[in-house]
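S.K.: Dropping the structure in here first, questions after.
Any read-out appearing in this document is the output of simple, stated calculations on the displayed coordinates, not a laboratory observation. Here the structure is a predicted model, which means the values were calculated and not measured. Note: ideal-geometry Cβ built from the backbone for every residue, glycine included; neighbour counts use all protein chains shown.
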Amino acid sequence: MDSYTQSIRGTGSVAEVIAIYDDHCTTYEKMICEEGKYKGPFILVEAVTKEVPECRRKEVRVIDVAAGTGMVGVALAQKGFTNLDALEPSEGMLKCLRSKNVYTNTFHEYVGQGHTNVPQGCYDLVFAVGGMGYNHIPFTGVLEFVRFAKPGGLVMICMRHDEEDYLTKLNEYMNSLEEQQLWKKVFSTPIKDYLIGTDGILFVYQVL
Ligand SMILES: C[S@@+](CC[C@H](N)C(=O)[O-])C[C@H]1O[C@@H](n2cnc3c(N)ncnc32)[C@H](O)[C@@H]1O
């Protein structure tokens, strides 16, 4: 198991996880990208740039949920996106992402306990990279993603694929939202070597 995964496994509460990210905020990018060979941000940026043509990148409104140090925001800004917001519960990570100067509004809160202060129905694109999984955003948190999106907006979730119990419940829950006609699945695709020794998956849904 890589050192990043070791550091976040075995914790139980939201407070513990957030404290770990606070402690690791200055070393996170080096640890996860260099040691963990983390592909999440690159996969997400590739998917977003395929979906959103250059001519629309200044107008689409985007929220990066569980934004961490803002690696995805920086990459999207380099691709021409100018309307980026972020949600992140760790004060340390939030400080790092704010220093990147690519996000307009930042929300210091977590997904998983009722409604956040993120406004309803405002975003063309809602995504979470590495934020879904054990001890992170609970699988029911995707309902909050649906609330953030405009009708017709996209929700993208990029995550590890080795947490079987969580993934089973997430899939069942996402299917139930589809049965309720809250969203429809656009596609999902496996990611080889998402994090060192771990494959991943990208889900894309469209809110109805
Ligand atoms: C693996 S990092 C991913 C950060 C960033 N998206 C990236 O790809 O580099 C996971 C992030 O999820 C955040 N997080 C954990 N639990 C969360 C929750 N319940 N709601 C929102 N964010 C959460 C952590 O604070 C951390 O910044």
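S.K.: Identify all aspartates and glutamates with a Cα-Cα distance to Lys50 below 15 Å; exclude those on the same chain that are fewer than 8 residues away in sequence.
M.R.: Partners found: Asp124.
S.K.: At what distance in nm do the modelled label points of Lys100 and Thr27 sit from each other, each positioned 7 Å from its Cα along Cα→Cβ?
M.R.: Roughly 2.1 nm, to one decimal.
S.K.: I've got another one for you. In nm, what is the difference between 0.36 nm times the number of residues separating Glu46 and Ala15 and their Cα-Cα distance?
M.R.: The Glu46-Ala15 span can extend by a further 7.9 nm.
S.K.: As a footprinting exposure proxy, order Leu76, Leu182, Leu125 by other Cβ within 10 Å, with the fewest listed first.
M.R.: Final ranking by Cβ density, sparse to dense: Leu182, Leu125, Leu76.
S.K.: Checking the cross-link filter: which lysines have an alpha carbon closer than 17 Å to that of Lys184, excluding same-chain neighbours under 8 positions apart?
M.R.: Lys150
S.K.: Also, quick follow-up: How far apart, in nm, are the 7 Å Cα→Cβ label points at Tyr134 and Lys192?
M.R.: 2.6
S.K.: Using Cα pairs closer than 8 Å and at least 6 residues apart in sequence, work out the relative contact order for the chain, in percent.
M.R.: Relative contact order, the chain: 20 percent.
S.K.: Give me Lys192, Lys184 sorted ascending by neighbouring Cβ count inside 10 Å, so fewest comes first.
M.R.: Lys192, Lys184
S.K.: Charges at C-beta only: +1 for Lys and Arg, -1 for Asp and Glu. How large is the resulting dipole of the range 3-207 about its Cα centre, in Debye rounded to 20?
M.R.: 680
S.K.: Taking every DSSP beta bridge with both residues inside the chain, roughly what % is antiparallel (nearest 5)?
M.R.: About 50 percent, rounded to the nearest 5.
S.K.: A further question on this structure: Which one, Pro53, Pro41, Pro190, has the greatest fluctuation when you compute a Gaussian network model over the chain with C-alpha springs under 10 angstrom?
M.R.: Between Pro53, Pro41, Pro190, it is Pro53 that shows the largest mean-square fluctuation.
S.K.: May I pose another question? Given a Förster distance of 41 Å, report the FRET efficiency between Gln113 and Cys55 from their Cβ-Cβ distance, rounded to the nearest 0.05.
M.R.: The computed FRET efficiency comes out at 0.60.
S.K.: Another question, if that's okay. The range 181-208 to the range 91-112: how many Å between their Cα centroids?
M.R.: 24
S.K.: Oh, and also: Count charges around Leu167 for me, please; just the other residues with Cβ under 13 Å from its Cβ, Lys/Arg as +1, Asp/Glu as -1.
M.R.: Net of charged neighbours comes to -4.
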